[in-house]
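This report concerns only the one structure given below.
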Amino acid sequence: MLSKRIIPCLDVRDGKTTKGIRFQNNIEIGDPVEMARYYYEQGADELVFYDITASNERRKIMIDVVRGVAENIFIPFSVGGGIRSLEDIRAVLLAGAEKVSVNSAAIRNPSIISDGAKAFGSQCIVLGMDVKSVPLSARIPSGYEMVIDGGRVFTGLDALDWAKEAERLGAGEICLNSIDADGTQKGYELNLTALISENVGIPVIASGGAGNIEHIYDVLTKGKADAALVASIVHYGSVSIKDIKSNLQDRHVKVRSRW
């Protein structure tokens, strides 16, 4: 069995790490480069960096911040936000990222997944999914709809259908974020996570809702996620990466350790 991964997430706006609840009322909480270095030293397996307003503002990602993070950590990290072309993917990878997350742009132009996978390898292409629970319908049979542009635009696209299609196109991983759970610290959306994890053959990173170690344990076991994205729980010092991994190891969940 592959080791489960613990991945801190840095949402960045105007060059600063920020955090909100359900994509609203964001506040600045620190410098992304300094925080990335801190989490690397804490034992994080990977890091995720999102330029959260790039897509909505139709601008390119802040490459200088990506480069600064790459110079200060020695673990894989994924970058998302404002990536709309192969040239954008190439620029982010050349700046030091190992993976690129495509979300809004992939729904508007699915060929960015297949073209990116062909050019750089599937392992470099992560599908970012921002998902909201909606009433069951013929159009949304899973009850989960894809939302883009930082939670601003509903697409009419069923989340499960889109996950399967993205895998077919060549995505090597999915980062699955529940908008309903995001920033609430009340637990991951386990039904959504299990639904996607059980129906695709690529790794799924669960995102949105971690408030304590029990939530992380649940999403890695009941939710069947391959990795857990964490933000508020570590940003505000509730627990450390080491605390999380030690607890999971004690409960026989296989994780990597660097201490």
(message) Among the residues that make up the range 171-178, is at least one of them at pLDDT 95 or above and assigned to a loop (DSSP other than H, G, I, E, B)?
(response) yes
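Those residues that are under 13 Å from the mean Cα position of the chain (by Cα), in a loop (DSSP other than H, G, I, E, B) and either more than 17 Å from Tyr50 (Cα to Cα) or at pLDDT 95 or above (or both), I need them from the range 221-235; list them, please.
Selection gives Ala225, Asp226.
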(request) Among the numbered conditions (1) in contact (Cβ under 8 Å) with a residue 40 or more places away in the chain; (2) assigned to a loop (DSSP other than H, G, I, E, B), tell me where Val131 comes up short. (result) (2)
(request) Kindly indicate whether any position in the range 21-37 is in contact with a strand residue (DSSP E or B) (Cβ under 7 Å, 6 or more places away or on another chain), buried (at least 17 other Cβ atoms within 10 Å of the Cβ), closer than 27 Å to Lys254 by Cβ and at pLDDT 90 or above. (result) yes
(request) Could you please let me know if Asp218 is in contact with a Leu (Cβ under 7 Å, 6 or more places away or on another chain), in a helix (DSSP H, G or I) and among the charged types (D, E, K, R)? (result) yes
(message) Please go through the range 236-259 and give me each residue that is in contact with a Leu (Cβ under 9 Å, 6 or more places away or on another chain) and part of a helix (DSSP H, G or I), ordered by number.
(response) Leu248
(request) Name the single residue, out of those in the range 65-86 being polar (S, T, N, Q) and under 18 Å from Asp45 (Cα atoms), that is surrounded by the most Cβ atoms within 10 Å (Cβ to Cβ). (result) Ser78
(request) Name the single residue, out of those in the range 135-162 being surrounded by fewer than 17 Cβ atoms within 10 Å (Cβ to Cβ) and touching a Gly at 6+ places or on another chain (Cβ under 8 Å), that is nearest to Ala181 (Cα to Cα). (result) Pro135
(request) Run Ile83 past the list (1) under 24 Å from Met35 (Cβ atoms); (2) hydrophobic (A, V, I, L, M, F, W, C); (3) in contact with a Ser or Thr (Cβ under 9 Å, 6 or more places away or on another chain); (4) outside any loop (DSSP other than H, G, I, E, B) and report the number of the one that doesn't hold. (result) (4)
(message) Show the residue pairs meeting these rules: Cβ distance below 8 Å; 6+ apart or different chains; first residue within the range 1-13 and touching a residue at least 60 places away in the same chain (Cβ under 8 Å) and closer than 13 Å to Leu248 by Cβ; second residue β-branched (Val, Ile, Thr) and outside any strand (DSSP E or B).
(response) Lys4/Val253; Ile6/Ile216; Ile6/Ile241; Ile6/Ile244
(message) Can you confirm whether Glu165 is under 16 Å from the mean Cα position of the chain (by Cα) and among the charged types (D, E, K, R)?
(response) no
(message) Against the condition in a helix (DSSP H, G or I), touching a residue at least 12 places away in the same chain (Cβ under 8 Å) and at negative phi, how does Tyr188 come out, does it pass?
(response) no
(request) Starting from the range 39-68, keep only residues that are of a type in the set (Asp, Glu) and outside any loop (DSSP other than H, G, I, E, B), then list their pairs with residues that are buried (at least 21 other Cβ atoms within 10 Å of the Cβ) and at pLDDT 85 or above whose Cβ atoms are within a distance under 6 Å, requiring at least 6 positions of separation or different chains. (result) none
(request) Spot the failing condition for Leu176; the list is (1) surrounded by fewer than 23 Cβ atoms within 10 Å (Cβ to Cβ); (2) within 30 Å of Arg139 (Cβ to Cβ), and only one is missed. (result) (1)
(message) Regarding the range 89-98, can at least one residue be identified that is outside any helix (DSSP H, G or I), touching a Ser or Thr at 6+ places or on another chain (Cβ under 8 Å) and either at pLDDT below 85 or under 17 Å from Gly128 (Cβ atoms) (or both)?
(response) yes
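The values are calculated or read from the model by the stated rules, or taken from the named source; none is laboratory data. The structure displayed is predicted, hence computed values, not measured ones. Backbone-built Cβ (ideal geometry, glycine too); neighbour counts: all protein chains shown.
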